[in-house]
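Working notes, beginning with the structure itself.
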Amino acid sequence: MATSKKPWGGRFTEPTNQLVEAFTESISFDSRLYKQDIQGSIAHSKMLAKIGVISKAEAKSIEEGLIDIQAQIDAGSFEWSTELEDVHMNIEARLTDAIGEAGKKLHTGRSRNDQVATDIRLYMRQASDDIISLLQALQYNLLESASNEVQTLLPGFTHLQVAQPISLAHHLLAWNEMLERDVERLQDCRKRINVMPLGSAALAGTSFPLDRDMTCELLEFDRPSRNSLDSVSDRDFLIEFASASSVIMMHLSRMCEEIILWASESYKFIEIGDAFCTGSSIMPQKKNPDIAEIVRGKSGRVIGNLQALLVLMKSQPLAYNRDNQEDKEPIFDTVDTVARSLQVFAAMIPSISYKRETMYQAALKGYATATDLAEYLVRLQVPFRDAHEIVGNTVHFAIEQGKPLSELSLDELQGFGSMIKDDVYDVLTLEGSVNSRSHFGGTAPVRVSEALEDAKQRLDSVQ
């Protein structure tokens, strides 16, 4: 009778087809879980020793063997075998070769189903913490930039048309609000990541009297999972992380779009540092915002990974199915893409210089204080809809004259509304406009300064 080298091979009488071997292996991508796999196995062996399933000497031998294997992997001297399929069986087989019979006892009371679920949760917990730190580093750089631009005025846009003047720091703080929500989403997601499935075994638990609380404490999980069937098949936490990551990348993409526009010849609002731009192979004058463009492009990749995970899980019955092997590559790619995008984006922000006079002149050109004139009229008891019409006619006249509103004479303004007085010019300047918006959340520099300090304090409180 033919024998199999697989740890599960006792049931089988012929070796795995080579095409199947190549098609089903996951070691080419799940080997990155080796630290988590070793961490989980050490905790599991300590617990087995405590409940008397293995001896303390065997647990010590297992731990020392696993530590040695991790050192080999760290050094790049460990040889991975596709015949052994995945990271779990590669490590277990090497452990058994190294320490003998004790290595064969390590898998008592567990399955690869709860083992991989534990590994990926440990990995995602660290990934979440790392990305939260990267988000906060970007926040810090944005707040530093905003600190110098409270008094800088530029047009705010709706429909990409000049709307109202705002403080540049107010705009940068809007980006920071997006990032704060991103941090909060990941922090909330982490609560559901940090639940321990180990001890669920294949799907129904085990007859061994496992001390799951002990293992949970050793691995620093918040609690053990409540239902063994759900524990081995749940991938909600990956979908939730991918969703939060998609929102992060959507936010970065929106920021990048504005940076690309602002750096264009049509806007000329900013200059991006040379170290974060590239040139053209044919046009010597070009300076392209490639970093912003690539980050914008990578958002589609991360959103696609979310879609892949949703489709992967949508038709699976309980409990574990081999389909779930396909969750690793999209989630690993998501982690890598988000991390790299945040790193390079955060590094680019301090390189950006703001062309304040260009921004100011752009705000003057778009009749950005028209709303201020309407609000001025409302304060004189003119119904808002009437005020809206009066100002619309006034803007039409100003366009014909080729003048901004602030350069129309009082007689010209009174031709549209006799109630207008010479104090109207206090609200027709850009400075008057932004200063008038001094309510909480408004763009008045005094409020923006307060908001900036609040944002810094919130950031410091969670770092």
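The values are calculated or read from the model by the stated rules, or taken from the named source; none is laboratory data. This is a predicted model, so every value here is computed, not measured. Virtual Cβ from ideal backbone geometry, glycine too; neighbours counted across all protein chains shown. Heavy atoms of the whole protein, side chains included, go into the accessibility calculation; ligands, DNA and RNA do not. Shrake-Rupley method; radii C 1.70, N 1.55, O 1.52, S 1.80 Å.
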Fill in: Two-site label geometry, Phe29 and His388: point separation in nm, points 7 Å out along Cα→Cβ
5.3 nm
Worksheet item: Can you give the accessible area of Lys60, probe radius 1.4 Å, in Å² rounded to 10?
Response: 130 Å²
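Rounded to the nearest 500, what is the chain's calculated 222 nm mean residue ellipticity when only DSSP H runs of at least 4 contribute -39500 (n - 2.57) each, over all residues? Please report the intermediate quantities before stating the final value.
Values: 20 runs with 286 residues, N = 463.
Roughly -20000 deg cm²/dmol at 222 nm, from the helical runs in the chain.
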Response to the item:
Taking a straight Cα-to-Cα line shorter than 26 Å from Lys286, and setting aside same-chain lysines fewer than 8 residues away, one finds Lys268, Lys298, Lys355
Item to complete: Just read off the accessible area of Lys35 with the full protein assembly in place, 1.4 Å probe, to the nearest 10 Å².
Response: 100 Å²
Worksheet item: Phe397 to Asp336: extension gain in nm, 0.36 nm per residue of separation minus the Cα-Cα distance?
Response: 16.4 nm
Worksheet entry | Signed unit charges on C-beta, dipole axis of the chain, positive-most listed residue Leu428, Ser26, Pro7 | Pro7
Discussion item. What do you get for trypsin sites (Lys or Arg not before Pro) in the range 198-272 restricted to DSSP loop and a cutoff of at most 10 other Cβ within 10 Å of the site's Cβ?
Written reply: Arg226
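Over the chain, what is the percentage of antiparallel beta bridges among all DSSP beta bridges, to the nearest 5?
Numbers: 9 of 11 bridges.
Restricted to the chain, the bridges split so that about 80 percent are antiparallel.
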Worksheet item: Over the range 308-463, what is the relative contact order in whole percent, taking alpha-carbon pairs under 8 Å and six or more residues apart?
Response: 15 percent
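Which length gain, in nm to one decimal place, applies between Val462 and Glu329 when the Cα-Cα distance is subtracted from 0.36 nm times their residue separation? Spell out each step's value before the answer.
Values: separation 133, 0.36 × 133 = 47.88 nm, distance 3.08 nm.
Computed gain between Val462 and Glu329 is 44.8 nm.
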Practice prompt. Starting from the amide H of Ala163, placed 1.01 Å from N in the peptide plane, find each other amide H under 5 Å away whose residue is 5 or more places distant or on another chain.
Written response: Gly156, Phe157, Thr158
Worksheet entry | Area accessible to solvent at Met250, 1.4 Å probe radius, in Å² | 80 Å²
Worksheet item: How far apart, in nm, are two points set 7 Å out from the Cα along the Cα-to-Cβ line at Glu184 and at Asp213?
Response: 3.5 nm
Fill in: In sequence order, calculated HN-Hα J values of the range 117-124 (Karplus, 6.51, -1.76, 1.60; Hz; x Gly/Pro)
4, 5, 4, 5, 5, 4, 5, 5
Worksheet item: Under a straight-distance cross-link criterion of Cα-Cα below 17 Å, which lysines are reachable from Lys314, leaving out those fewer than 8 residues away in the same chain?
Response: Lys328
Item to complete: Could you look at the chain and say what percent of its accessible area is carbon and sulfur, using a 1.4 Å probe and all protein chains?
Response: 51 percent
Discussion item. What distance in nm separates the two pseudo spin-label positions at Ser133 and Val311, each 7 Å out from Cα along the beta-carbon direction?
Written reply: 3.5 nm
Worksheet entry | the range 316-463 - accessible surface per residue (Å², probe 1.4 Å) | 52 Å²
Practice prompt. Restrict the search to the range 136-213; then list the GluC sites (Glu not before Pro) that DSSP places in a loop and that have at most 14 other Cβ atoms within 10 Å of their Cβ.
Written response: none
